[in-house]
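Please read the structure below before turning to the comments.
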Amino acid sequence: MSYKAQYSPGNTKIAENRRNHMDPDYELKKIREIADEDIVKILGHRNPGEGYKTVHPPLEEMDFELDMMKEMVEPLPGAMQGNRTRYIQFADSMYNAPAQPYDRARTYMWRFRGVDTGTLSGRQVIEIRELDLEKISKTLTETELFDPAKCGIRGATVHGHSLRLDENGLMFDALQRYVYNEETKEISYIKDQVGRPLDEPVNMGEALDDEHLLDITTIYRSDNISMRDDPEALEVVETIHSTRTDGGFGLGVFKDDLKRKIGE
Amino acid sequence: MEPIKAVDIKIFPYRRLKPATTEKILNEIIKLEGILRVLLNGESLPQIVGYGPAKGTRVNHEDRKVIQLKDHDLELSVTVGEIIITILHEKQESFLKNLEDILENNLSCNFEVSAGIFTKTKITVSDYLKIDRGIEQEIEPTYIGLVDPGSKSEETVRLIGD
């Protein structure tokens, strides 16, 4: 069976942006440069220059003669070396952040192999072997998926996605991991993702323009493009909702079974 | 104590205010006539990290600053998102007129101003639970709706009177 993946329903700009994020053939636009070492600092899992800690010997040295998986699945570079599993977590503001948790989850699943991702209302975590995590984090922060003002790299104390922005347009962060420089108008991280101070700030560049964000966001909003303006997306959501409700309650399915049990 | 007629005025800016802006507008507002009390609401800012591997580290949030109000020091423990001012009802009209001018001159974002009752006016069951029955004899009536009875008022209330 062959079919063409449709990724996400809808005819609006928002739906188009979602599809672009998810489509592995679409090249995400790179808009900033962040050094590998800086990514390592923000992640805070190891010191820059330090080797990767391992949880098992390299796969080649392990005895897997009887394991069929070895032939069936090609291991990730990190798994091959026996790296630990580590994470990066993002919080995205409802004020037109380029990505949002559900979009991120689907994007991660389409684009990256071997990820474990968790979706919550205000944050999205991605777990993978450390070596691969650093590569993925670079993609996620350097491309149009990330805006330093409206997205935050937050391992703990993530609250802020649904709060008003501050006067400089930054999302609320109780730990203030990143600061706005009023002279250069640039944003830099002064703490790693869990709130430990960094030796020197990591510059993330200027925040994206609000007008531009309206164009690239994947969030339906009544003050930008409302979901009600997108009948196809709405239809799919309604279909999923009604079938899940019917299926969940077993309407029309368990009725006869129940009648039989009570002896009718 | 004689009951008085009072009304709450709520200022709701569309952005969270910087301490400098808060200081500026509060110093202007406090000059107006008829103010009984002012309540600064917002998301609270921790002094130390509460969760995760960095637990116990100092936060040093830029919004948690000491502002000067009529020569009094006032430490902000929240990022200011809402200001509720209780004023004498008879002064409402002139107050609102002056307030609009102050906000328009000092705020860089849009805002909403509304009048009504935005604070608690009576002692409730949760107050009895937190303190004890009979607190109405001990509590200062002007504190009702201003502070949580479980908190220490010396940390959250500043008396800046004439």
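The values are calculated or read from the model by the stated rules, or taken from the named source; none is laboratory data. Model, not experiment: these values are computed from the prediction. Methodologically, a virtual Cβ is constructed for each residue, glycine included, from the backbone with ideal geometry; neighbour enumeration extends over all protein chains shown. Please note that ligands, DNA and RNA were not included when accessible areas were found on the heavy atoms of the full protein model with its side chains. Shrake-Rupley method; radii C 1.70, N 1.55, O 1.52, S 1.80 Å.
Output yes when any residue across the stretch A:232-246 is open to solvent by less than 30 Å² (accessible area, probe 1.4 Å), out of contact with any Lys or Arg (no Cβ under 7 Å at 6 or more places or on another chain) and not acidic (D, E), and no when none is. Yes, that holds for at least one residue.
Quick check on A:I262: is it under 23 Å from the mean Cα position of the chain (by Cα), free of Cβ contacts under 8 Å to residues at least 12 places away in the same chain and open to solvent by 80 Å² or more (accessible area, probe 1.4 Å)? Answer is no for this residue. The set of residues from the stretch B:5-41 being in contact with an Asp or Glu (Cβ under 7 Å, 6 or more places away or on another chain), within 13 Å of chain A (Cβ to nearest Cβ) and open to solvent by 40 Å² or more (accessible area, probe 1.4 Å) comprises B:F12, B:R15, B:K18, B:N41.
Whether any residue in the stretch A:147-156 is in contact (Cβ under 8 Å) with a residue 12 or more places away in the chain, within 25 Å of B:R15 (Cβ to Cβ), open to solvent by 10 Å² or more (accessible area, probe 1.4 Å) and facing chain B (nearest Cβ under 10 Å) is what I want to check. Looking through the stretch A:147-156, none of the residues is in contact (Cβ under 8 Å) with a residue 12 or more places away in the chain, within 25 Å of B:R15 (Cβ to Cβ), open to solvent by 10 Å² or more (accessible area, probe 1.4 Å) and facing chain B (nearest Cβ under 10 Å). Residues of the stretch A:199-223 that are more than 22 Å from the chain's Cα centre (by Cα), within 19 Å of A:C151 (Cα to Cα) and not in a helix (DSSP H, G or I): A:P201 alone. Considering the stretch B:42-75, and only residues there that are within 23 Å of B:E104 (Cα to Cα) and surrounded by 15 or more Cβ atoms within 10 Å (Cβ to Cβ), the residue that is nearest to the other protein chains (Cβ to nearest Cβ) turns out to be B:D63.
When B:I87, B:I83 are checked against the criterion of being in contact with a Phe, Trp or Tyr (Cβ under 8 Å, 6 or more places away or on another chain) and not in a loop (DSSP other than H, G, I, E, B), a single residue qualifies: B:I87. Which of the numbered conditions does A:K185 fail, given that it passes all the others? Conditions: (1) within 12 Å of another protein chain (Cβ to nearest Cβ); (2) open to solvent by 20 Å² or more (accessible area, probe 1.4 Å). The one condition A:K185 does not meet is (1).
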